[in-house]
1. Can you sort 208, 232, 291 from fewest to most other Cβ atoms within 10 Å of each residue's own Cβ?
2. Please state the Cα pair-distance histogram of region 231-273 with 5 angstrom bins from zero: what percent is in each bin?
3. Starting with the fewest neighbours, write out 95, 227 ranked by other beta-carbon atoms found within 10 Å of each beta-carbon.
4. Rounded to the nearest Å, what's the spacing between the alpha carbon centres of region 285-325 and region 126-193? Just the number, please.
5. Ranked highest first by average number of other Cβ atoms within 10 Å, how do 85-94, 115-124 line up?
6. From zero outward in steps of 5 Å, how is the percent of C-alpha pairs of region 36-155 spread across the bins?
7. Could you work out the per residue convex hull volume over the alpha carbons of the chain, in cubic angstrom?
8. For the chain, what is the relative contact order in percent, using Cα pairs closer than 8 Å and at least 6 residues apart in sequence?
């Protein structure tokens with residue numbers, strides 16, 4: 001079995017050419033973590049082929065950290081934000097830190113997951129809200145395992161064009177097509193709500209049947225457009241904390257073109273913003289991830305603009321939900 005490294009060695013300082021997200025303090029010693037919200041880069045999923053460890057999506061955590069440009073960071077953190085009804089942290093004593101990136105090793109790709117799980121556990125044990133930056137959609141798997149520390153049932157909400165219930169691809173059971181299947185096997189994951197499904201993905205009829213047999217709530221994008229986000233929020237249980245996983249291709253390519261699998265008909269900006277604020281205020285958001293951004297495929301920074309706005313809305317909504325007292 002792959003050994004989990006001590007939490008002090010699971011992350012590494014960000015490369016000098018990069019920076020922390022919105023210039024928040026760097027905190028890589030997780031044994032001494034003091035934070036309300038912790039940002040963690042998890043660049044590498046488990047590959048389906050020998051040359052697949054590092055890909056364009058593995059560049060996304062640092063691409064998100066480099067955006068917006070330096071001149072705009074003060075505006076983002078200090079100016080009135082109409083998305084939030086005030087400044088980002090609402091002038092409260094809220095500590096947001098960036099924990100750097102989980103270490104990857106080409107000679108042992110699975111060690112990256114072990115390190116990611118250990119880092120996420122350390123953050124959750126200190127009851128900080130975790131915001132993970134991927135990487136492909138395999139990287140939430142170790143984070144979902146780390147949710148075990150809460151010792152209670154959790155609702156998993158997924159935004160995605162794809163079902164992600166594959167048992168394996170090329171023998172790999174923990175790649176980007178399998179996170180919902182793996183989540184369904186974790187006793188602490190109770191309800192699974194999947195939002196934005198559409199088009200043709202990797203799912204076969206058998207995987208759809210398995211998801212329904214588990215009891216997953218499958219909300220295709222067209223039903224979401226017809227019935228609206230308040231109806232979607234009614235499908236999410238009120239009585240359990242929430243973990244949110246956001247695949248960038250769950251959003252419409254008009255606002256997130258920088259993905260591998262562009263699929264028309266996804267959630268628009270108004271919908272994802274309303275959904276995020278609704279989830280945060282429905283029950284405590286334990287954490288979230290944003291995955292599957294391919295920086296080289298972006299168009300005029302459109303993806304990065306919306307990604308930054310999404311992350312700021314999550315942070316601002318959590319601050320206003322009075323999680324941190």
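1. On the way: 208 15, 232 23, 291 28.
Arranged by neighbour count, lowest to highest, 208, 232, 291 become 208, 232, 291.
2. 5, 21, 23, 20, 14, 11, 5, 0
3. On the way: 95 16, 227 13.
Lowest count first: 227, 95.
4. Centre-to-centre (Cα) distance: 18 Å.
5. By packing density, highest mean first, the sequence is 115-124, 85-94.
6. 2, 10, 17, 19, 17, 14, 12, 6, 2, 1
7. Details: hull volume 41.7 nm³, N = 325.
Spelled out: Cα convex hull of the chain, divided by residues, is 128 Å³.
8. Numbers: 706 pairs, mean separation 65.4, N = 325.
Dividing the mean separation by the residue count of the chain yields 20 percent.
We did not get these values from a lab; they are worked out from the coordinates using the rules stated. The structure presented is a predicted model; accordingly, all values stated were derived computationally and were not measured. As a convention, Cβ positions derive from the backbone with ideal geometry for all residues, glycine included, and neighbour counts pool all protein chains shown.
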